[in-house]
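Worksheet: the structure to be examined is printed underneath.
The values are calculated or read from the model by the stated rules, or taken from the named source; none is laboratory data. Model, not experiment: these values are computed from the prediction. Methodologically, a virtual Cβ is constructed for each residue, glycine included, from the backbone with ideal geometry; neighbour enumeration extends over all protein chains shown.
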Amino acid sequence: MNLPENRFKRAIAAGQQQIGLWNAITGPVVAEALATTGYDWLVIDTEHALTDVPDTLGMMQAMAPYPVTPVVRPASNDVVLIKRLLDLGAQTLLIPYVQNADEARAAVAAMRYPPRGVRGVAGMTRASRYGQVADYTQRAEQELCLLVQVETATALDQIEAIAAVDGVDGLFIGPADLAASMGHGGNPRHPQVVAAIEAAIKRIVAAGKPAGILALDPEFARQCIGWGTSFTAVGVDVLLLTQAAKAARAAVAPGGGA
C-alpha cells in the first residue's frame, strides 16, 4: 500500500493558493459537512475547542472521502500530543505559539523518527494504514507537513530564524494573539497590527517559506493574499453558524435581534 500523498504540502511549496476554514465544532458530522464545501484545508482545532486527540480520528475519517486536507492543531508544542496525532494519521500539523527557532526545532524533532527526531515508533497505527504501508518509518517524513504559528510580537522578531529551521514547511500568523501581544487585544484590525501582519507576511515569503493566516474579513483576506499568503483561512465554523442563524432570524423579524 502506498503512503498517502500530502497534496497540501506540495501545493503550498509550489505557491498554489489554498483556502481554508476552521473546524472548531467537535465531531464527524460537522467535519464531513464542511469537507463537502470545496475548501482546500480544514483546521481541526484542539487548542481552543472541546475537541481532544481521540476526537480527531473520527473527524479525519469523515473528511477522508473528500478532496480536502485536515490540518490538526494540537493544544501545544508537545512531543506526546504530536506523536498521538501523527499516529492517528494526521499528516499536517499547525503548532501554536512557536516563539523562536529552538521551539521550532523541537516541533520538527517531534515530527521525525530517530535518528533525525524523537517521534516514538508504533507499527499498527492508522498513519501506516495499520502496518500496510511498506517502510513507513523510513518514508513518513516526506509526506508530513509542519506549520508553525508566529502569533506574538516576540515571535515576529524571530521570523527569519524560525523560517531557516529545516523541517518547517510554513509559518502561520495568528492575528488575535498578535494583537493582544501588541496591546490591542480584541482589535486585530488596528493599523499597527495590520502593518505588522503585512511586514511579517512579506518577510516570511522573502525567507523562502509559505505564509499563512486566519483572516475573517474577506477584504482583509484578499489583502493578505496580495501580500503573499499561500494558505489563507477565511472563517470559523462557530462564527459562520451564529452569523447565519442571526441573519435567518433577521430576515423574517427585522429589528428583533437579541
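Just a few scattered comments:
- Here Ser76 meets each of (1) touching a residue at least 24 places away in the same chain (Cβ under 8 Å); (2) among the small types (Gly, Ala, Ser); (3) loosely packed, with under 15 Cβ neighbours inside 10 Å; (4) out of contact with any strand residue (DSSP E or B) (no Cβ under 9 Å at 6 or more places or on another chain) with one exception, condition (4).
- Test: residue in the stretch 129-136 that is out of contact with any Leu (no Cβ under 6 Å at 6 or more places or on another chain) and under 24 Å from Asp45 (Cβ atoms): no
- Put simply, of Val234, Val252 the only residue that is β-branched (Val, Ile, Thr), surrounded by fewer than 14 Cβ atoms within 10 Å (Cβ to Cβ) and either out of contact with any strand residue (DSSP E or B) (no Cβ under 8 Å at 6 or more places or on another chain) or farther than 21 Å from Val108 by Cα (or both) is Val252.
- Test for Gln142: is it out of contact with any His (no Cβ under 7 Å at 6 or more places or on another chain) and not in a strand (DSSP E or B): yes
- Residue count for the stretch 2-54 under the criterion of being more than 15 Å from Pro210 (Cα to Cα) and part of a helix (DSSP H, G or I): the result is 10.
- Only listed residue being assigned to a loop (DSSP other than H, G, I, E, B), surrounded by 15 or more Cβ atoms within 10 Å (Cβ to Cβ), hydrophobic (A, V, I, L, M, F, W, C) and touching a residue at least 12 places away in the same chain (Cβ under 8 Å), chosen from Leu216, Leu178: Leu216
- Residues in the stretch 219-251 that are of a type in the set (Ser, Thr, Tyr) and part of a helix (DSSP H, G or I): Thr242 alone.
- Positions within the stretch 55-114 being within 26 Å of Ala164 (Cβ to Cβ), polar (S, T, N, Q) and outside any loop (DSSP other than H, G, I, E, B), in sequence order: Thr69, Thr92
- Contacts under 9 angstrom Cβ, first residue in the stretch 84-96 being in contact (Cβ under 8 Å) with a residue 40 or more places away in the chain, partner among the aromatic types (Phe, Trp, Tyr) and in a helix (DSSP H, G or I), 6 or more apart: Gln91/Phe8; Thr92/Phe8
- Any hit, the stretch 177-186, residues being of a type outside the set (S, T, N, Q) and within 17 Å of Ile95 (Cα to Cα): yes
- Here Asn6, Asn2 are screened, and the one residue that is surrounded by fewer than 19 Cβ atoms within 10 Å (Cβ to Cβ), in contact with a Cys (Cβ under 8 Å, 6 or more places away or on another chain) and at negative phi is Asn6.
- Residue in the stretch 188-197 that is part of a helix (DSSP H, G or I), closer than 19 Å to Gly20 by Cα and either under 17 Å from the mean Cα position of the chain (by Cα) or not charged (D, E, K, R) (or both) present: yes
- Tabulated pairs, the stretch 192-211, first farther than 18 Å from Ala233 by Cα and surrounded by fewer than 21 Cβ atoms within 10 Å (Cβ to Cβ), second among the charged types (D, E, K, R) and at pLDDT 95 or above, C-beta under 8 angstrom, 6+ apart or interchain: Arg203/Glu160; Ala207/Glu160
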